[in-house]
Structures are given as structure tokens and as C-alpha cells.
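Remarks on the structure that follows.
Bear in mind these aren't lab numbers, they're just calculated from the coordinates by the rules spelled out. Predicted, not measured: the structure shown is a model, and the values here were computed from it. Glycine also receives a Cβ, built like all others from the backbone with ideal geometry; neighbour counts cover every protein chain displayed.
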Amino acid sequence: MAGRRRTKPDNPVESGSGAKAEGLLPADYELADLYGAFAAHGREEDDMDDAVVLVPPVLLPPEAELAAAALAVPLIDHALKLARWAAPHRPVDEFGDLTGPDRAPAARLLGLAPEQGDAPEEAVIEAMRAWSLACDLELVEIGTTADGEHVAIPGPDLADAEQGDPETVLELWLTAAGIVRELSAEADSLALEGEGEGAEGAGAAEETDEAGLAELEESRQAAAELLDEALQVLYETTAFAEPGQETVPLGVLAALLVVPEGEEPDEEMLGEITDLMVTLDPMLGDLAELGLLEHRPIDPELFEEESGEEPAVDGGGPLDEAEAARFGMVRLTALGQYGVRQWLLEDGFEAPLVGELAAGTAEELLRGISETDNVLPERELAVWLADREPVQAARELLAAARGTDPYGPVRRLLCLSALEQLGAGARPAAQEVVDDPQLGGGVRAWLLEQGLEVAAPEHGVVLWTMVDTFAAQLLTSEGRSEALQELVDGLPVDDDPEGFFAELWRIEHPYTAEVLDAVGELHRDRGIAKEARKAAFKARSRRGK
């Protein structure tokens, strides 16, 4: 797939408040008014630093389920039916198309035309589309008889596809989706070319010189790249979205492609967003026919010229969900996620699946999550926990969380997150380790949150756990998360910073010096920051570095 123009996967788009009263098209509205009814998809700002190079993991259904979804796509179903109908052979013309006498029967076979009377032209066209797809997918093969007659016969993959073989079905569907993807971009480029020709007259339209062909190819490539960018954005927003929240307003999708990260859209950008919406809308509609998307097109009434009547949308205030939906909605289906992922893999991207790290032991799980950049930890933990008994799962995770190696703090942070998912069922295992010097501090805090009475840990354990918690945030956020800043702001150092840090720098933890460095850099009180830096120097000297 083509590289994206934007730098972040799902930056929430915000703007000022009031929409213009004369607004009709998206360019006439503030984005916050147009799309404020919809939650932003994805992670917070500080979690996106590596998104430009990393494709997030997705959770896909089993291949058998995906294959069933592919077979339920009407165009695929029609192609299979026509391929079977070709048995033992069916006459075709020299181009492989159905001959005139077979076209109406083909439409009737597919239920597109009534059994009696003439078949509507639209039904015949749709049947011919399905036949063309069957030929492209080699569900039928074209040959010539000894008499020179052109005939079609069922292809070798037809039987496996009809039986629902997942590998065969998904390969056919992916090929079909690729064909539609290419044709959609080509149709868009031809439409743009036609608009350009209209101003020059019929003579210019007939020109076929090299410059004109090059311009057409450039237009086709631009349309293909735009569609690929949009699909990759949808893939990423779907990966980060909570279940049931995968639908994206078309304007938000366009804004994510237009508005630079960290900026608010200006009037020119709002115009670009509208243009992009209009360009993407028919292309996404084409892909929806293959089940790759669920797509609600832009309401055509929004583009009707005003002739004295009230505008189609009242721009006097914020839009609710129903009104905003008139500007188009799109959702990448599970089948669509499968397809986009395959295209990403073909282009050399790493596109992991949720659950790939959850196939082994607790130790392998925590180590894998800790050492992998491209991972959604909460979902990976959920997959591992799904079929396990809570107490035993908690025991295994707690045992795997111990250690003073470089990733130890992250493993303990992940373990506490897993305990949160397990809930009350993990309490017995947690109570078994309340006196553990590495696990006890965090586990006691979790048990207190569970409503259990737990004795306070020793002061040294409290300080060690504090350093460990800071270290985990440093390792997972590269020192730039809001959570880390909150930890720094919440340090109990106001009364006696010198005494506090005098204790802290003596804590035997592999990240003591680094934690004190972070406090020295991030604390808002200059005096406290200075004491932290002095303590960091002492901690580093103590360990001989």
C-alpha cells in the first residue's frame, strides 16, 4: 500500500466553537461542530510517537469465520453461482462475455430479474459484472472447442470455494477486493480527467499524446495512493477503537489525512477536507460492495444548490449524530481488516495480530509484551487470560513479574494490569505475595483497591515500589507521559526534599539513578528538582557509574 501523508494514526481533530450560519458543506462548518458528537478513536497524544512506522496489532476472527463473511458478499455469491451455472460448458463471445441469449437467464438465476417477462437492463448489467468477476477470479475458464466455438467451463477452485475452504475463499475474496480497489482508483482518475477535458472542448478530449497519457496515469496513481492512505488510517483507528466504536465519520477520516498533527484546521484545510470527502465517498462505496467496509454515503441533498429554500443542514449550532452522519460514515469490517493487513504485509509492513504474544507461558507473555514496541498490552493480556482459571493465572503472572533485569518494572506493571482484568478471582494469589520485597508494595495497593484490609508495607518497600513504578513509566513512555508527570507532581517531598531524596538514592534498584534524573528534569519546583539531580549523582556514584 502507498505510504501515508499524515504522521499520526488517530489525532483527534478539534477547532473553535461556533459554526457559520450559512454553512451547507463540510468546509462551511467548524470540525468540532461537525464531528463533536463522535468520540475520538485511538490513543492519547503521548502514546503515538512511533505510530508513523508501526502498524498496530488487530484482533481478527478465525479464518473460517472470515471465509463465511466473504461468501456472504453478494458479488462473490453471484460469481460462484454463475460459475456453477456454466457447467458443463457455456457459450461465450470472443471476449469471454456471456452471449445475448444467456444474459437475461443469468440475471434471473441470481434473483435480479423476475422469472417472467423481460429482464431490466440494470439486472443484466449486474449479472454481467458478476460474470466478469467470475472470469477474473478464474472461477470459470475460457477455451475453444474443436469447432472454434468459445466456451466457459467451471474453474478448478470452484468446488473448494463452494465448500467454504477458508484458504481458497479468502484468496478469491482478496483477489476480488484488489480488483475493485484498482478499478475504483481508475474510475476516480477518469472522472477527474473528464472534468479537466470539459473546459477544453471535444478536441482536447480526443488527444492521446504521451503527455495526456502520463497525466492520466499520474491521476490514477494519486487516487490509488489516497485510497490506500484512507484504508490504512481506517485500519489503525479500528485497531485502537473500543468494540462498537469503530465507525468513523467521513469528515474525520478526511481531516486525519489533511490536518497536520498538532495543528487546528484553517479555512483552506476545511475546503481540502470537503474535496477529499467527495473524492473518497464513491471509492469507499465500491469497496463496501465487497464487504470490506460498511459505508453510508454523503447525503446528495447536501450538495444541491440553494434556491431560496432553507439549507439542507442548519449551520446555526452543533450537529447531533444523525445530522453529522449525513456527511458520510465508514467502518472497516473484520473482513476489511484482514484484507488491508494482507496488503500491508505484501508491501513489507509488520502488521501483527493481537494474541501472537499470548500463545506461551506467563513468562513468555510478559517478556514478549515488555520487549515489543508494536503491541497493545491490555488486549494481549486479555487473550492470554481468556481461558485460564483466575487464581492459577495470577500466580503464574506474579512469579513471572519478579526480577531485577532491565524489563522487570514493566513486567510488574503488566502483572498489576492483568490483576485488574482478573478482579476478585485473583485475590488469593495476590495475598500470597504481600510480603514479597518486589511484588508486595504494588499488590498491597491493588488489594486495598479491591476493598480488602491489608497491613501497610515497610518503609523500604514503599520507596522501592515507588522507584519501580517510576521506572515502569519511564520505560513505557520514554519519559514523556502524563502519568509520569503526575507521579513526579505527587511526590511527598515538599516538607523535607533533602531528607526524602537522601533515603531514595540509597534504594537498591537498577533504575534509581534514572528515576531521580527524571524527577530532576520534570519537577516544577526548581529547588526540589535540584535536590533530585544531586541525589541522582549520588545514586550513580554508589553503583560505580
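The table below gives the values:
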{"quantity": "Radius 15 Å from Cβ of residue 384, net charge of other residues (Lys, Arg +1; Asp, Glu -1)", "calculated": "-4"}
{"quantity": "Exposure proxy ranking, count of Cβ atoms within 10 Å, fewest first, for 167, 229, 65, 162", "calculated": "167, 65, 162, 229"}
{"quantity": "Length-normalised contact order of the range 376-440 in % [C-alpha pairs under 8 Å, at least 6 apart]", "calculated": "41 percent"}
{"quantity": "Residue 503-residue 213 FRET efficiency (beta carbon distance; Förster radius 56 Å; 0.05 resolution)", "calculated": "0.15"}
{"quantity": "Fewest-first ranking of 252, 259, using other Cβ atoms within 10 Å as the exposure measure", "calculated": "259, 252"}
{"quantity": "The range 458-545: C-alpha gyration tensor shape, a/c 1.5 cut-off, then a/b vs b/c", "calculated": "rounded"}
{"quantity": "Fewest-first ranking of 81, 538, using other Cβ atoms within 10 Å as the exposure measure", "calculated": "538, 81"}
